[in-house]
Structures are given as structure tokens and as C-alpha cells.
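Reading through the C-alpha cells given below for one structure.
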Amino acid sequence: MASARKPVIVRKLSRDWCAGYAGTRFGQDSAELEILEPGGKVLRIAWDQVKWVCYVRDLPQSSDQVNPERLMHKRFAVRPRTAGLWLRMTLTDGEELEGLAANDISLVGGAGLLLTPPDTRSNTQRIYVPRQAIQSLEVVSLIGGASRAGAAGSAKAARQALEQPELFPIETDTN
């Protein structure tokens, strides 16, 4: 049975961070993000202070004070192979981040973006970036976006190209 709370690291725009457990569907319908610390204390953080929320495999140890997310790669080295929208964004503090987002309505109407980071083997599995933390957003590419109708249409066009019409039909003499 899956836990009702997932381990997260919340990075604030002030570069401070905190770790704990967040509900699986926290969203921004509330004014604050609620985090349960490992010690049992509940933290409430205003959304306008949040830079990102990283869903992680495990919470950081005391030695991970500088980079607790262990997010070594913030840009893709090569074109990703997973389907989705390849996004590049500049955050309000000037930091750049790339990730893959689902190609759905949450891009337009959601309170933030849920991204798959460039290095999924790191501690960070997903990153949630609130909209107010994004200064600029660029769609780099649509990965795996070909529809089935488009693929079927191109196959039909290829078959028609192979069938060559006769320019001078052969007339048969019926005398």
C-alpha cells in the first residue's frame, strides 16, 4: 500500500531548504504548503517563498547540506527519449532548469508544473515548480508527439507514391 505522504525537499527562493513529507496531492488551492518534518513538526510555507518541491527517493543525511536534492544535472545532455514536452525555464532567482512535462491541460491551467528531471537516477524523481517561481518558460521540443492518424496518413501517401500512373495508355486495336 502506498504512503499518503511522499518524501520531499522544498527549496525556497531564499536558497534555504527543508525536508519532510508532503501529501500526494498538495496543489496550490491553499495559501501554504504543509510539510511534516521527520521529527513530527508541521511546517507551513507560503507558496510565494517556494522555488521548487523535489520528490525524492530518500530524505537527505546530515552530510547533504549543500545539495540535498542531489540534482547534479539541470539540463539534458542529449535529446530525451521519454514522451512529453521538453521545457527550459528560468526561475525568478535566475537559475535555469530543464525537464519533461506531460503534454496535457495541466500546462495551461495548473498552479505549477510537474517535471521529470534530466537525471532520473539521482535522488530527485520529480520536481514541482510553482508558477510564481517561473520567470520565463520555453518549449524546446515535443518528444513522441506523432499521432496514430498522422502515421497512418504518411503510410498511405507512401503507397500512393509507389503507384505510378501511366502517361501513355496502351490502346488495343479492336478491328
Check your understanding: If you take just the strands (runs of 3 or more DSSP E) that sit entirely in the stretch 89-150, which of them hold at least 3 residues that are buried (at least 17 other Cβ atoms within 10 Å of the Cβ) and modelled with pLDDT of 85 or more?
Key -> 96-101, 112-116, 124-130
Practice item. Determine the pairs where a residue that is under 19 Å from Glu95 (Cβ atoms) and surrounded by 10 or more Cβ atoms within 10 Å (Cβ to Cβ), located within the stretch 13-36, has a partner that is of a type in the set (Ser, Thr, Tyr) and at pLDDT 85 or above with Cβ atoms under 8 Å apart, the partner being 6 or more residues away or on another chain. Key: Leu13/Thr92
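Yes/no per residue for (1) among the β-branched types (Val, Ile, Thr); (2) touching a Leu at 6+ places or on another chain (Cβ under 9 Å); (3) at pLDDT below 90; (4) not in a loop (DSSP other than H, G, I, E, B):
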position: Ala19; (1), (2), (3), (4): no, yes, no, yes
position: Asp29; (1), (2), (3), (4): no, no, yes, no
position: Pro38; (1), (2), (3), (4): no, yes, yes, no
position: Arg44; (1), (2), (3), (4): no, yes, no, yes
position: Cys54; (1), (2), (3), (4): no, yes, no, yes
position: Asp58; (1), (2), (3), (4): no, no, yes, no
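The values are calculated or read from the model by the stated rules, or taken from the named source; none is laboratory data. Given the structure is predicted, the values throughout are model-derived calculations rather than measurements. Every residue, glycine as well, gets a Cβ built from its backbone with ideal geometry; the counts of neighbours run over all protein chains shown.
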